[in-house]
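Here is the structure we will look at.
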Amino acid sequence: MTIWTASMVEERLEEAAGTLRRLPPIKVQGYFGVWPEILHDHEEMSSWEPKLSRQYPPSAAAISRMEATLFWFRWLEEKENHLIWMRANHIRWKAVCAYLGCSRATAFRKWIWALTKLAYALENEQRSSQPQLPFLFTKP
């Protein structure tokens, strides 16, 4: 039995965000082009935005952990969900504060509170899912 802490919840959320980023993009099936590829020279390609390089696809275990982690959001309010997910995706505090409309210290406090709330909910769920052993030796 593991004891959940706020830092463990934070690590798990960051892992889930990273796994979600590594999943293949969603594309419409069935459409393709029959035109030949256009060959571009170096000058044209230098003005393009850099292409997002994807890492290797996530393992099945990582996807399962991500799905389980995404169910945790049911225990939080909508603003807390956004705050947690923004920090899991490494969004800067300035953007988080602009979204929440509060100072950095207040946003940090709300973030810690949401992580602690998740850890507490996970602890309660873990305790309730363990089978209770019956008391075998009763006094007559």
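Bear in mind these aren't lab numbers, they're just calculated from the coordinates by the rules spelled out. A quick note: this is a predicted structure, and the numbers were derived from the prediction, not measured. So basically every Cβ, Gly included, is an ideal-geometry build from the backbone, and we count neighbours across all protein chains shown.
Our compactness index for the chain, the C-alpha radius of gyration over the empirical 2.2 N^0.38 Å, is 1.57.
Let's test the formula: R0 of 41 Å, r as the Cβ-Cβ distance of N81 and S47. What FRET efficiency results, to the nearest 0.05?
Numbers: r = 38 Å, r/R0 = 0.93.
So, using R0 = 41 Å, E works out to roughly 0.60.
Treat every Asp and Glu Cβ in the chain as -1 and every Lys and Arg Cβ as +1, leave all other atoms uncharged, and give the resulting dipole magnitude about the Cα centre to the nearest 20 debye. Mind dumping the intermediate values first?
Working: 18 positive and 15 negative charges, 151 e Å.
In debye, rounded to 20, the chain gives about 720.
Extending 7 Å from Cα along the Cβ direction at S103 and again at I26 yields two label points whose distance is 4.0 nm.
Could you work out how much longer the chain between H90 and Y120 gets when fully extended? Use 0.36 nm per residue separation minus the Cα distance between them, nm to one decimal. Mind showing how you got there, number by number?
Working: separation 30, 0.36 × 30 = 10.80 nm, distance 2.34 nm.
Net length gain for the segment: 8.5 nm.
Give me the net charge of T2's neighbourhood, meaning all other residues with Cβ under 14 Å from the Cβ of T2; Lys, Arg count +1, Asp, Glu -1. Don't skip to the answer; put the middle values down first.
Working: positive: R12, R65, R127; negative: E11, E123, E125.
Local charge sum for T2: 0.
Once you reduce region 17-93 and region 110-125 to the center of their Cα atoms, the two points are 26 Å from each other.
Within the shell of other residues whose beta carbon sits under 12 angstrom from the beta carbon of A98, the net charge comes to +3, with Lys and Arg scored +1 and Asp and Glu -1.
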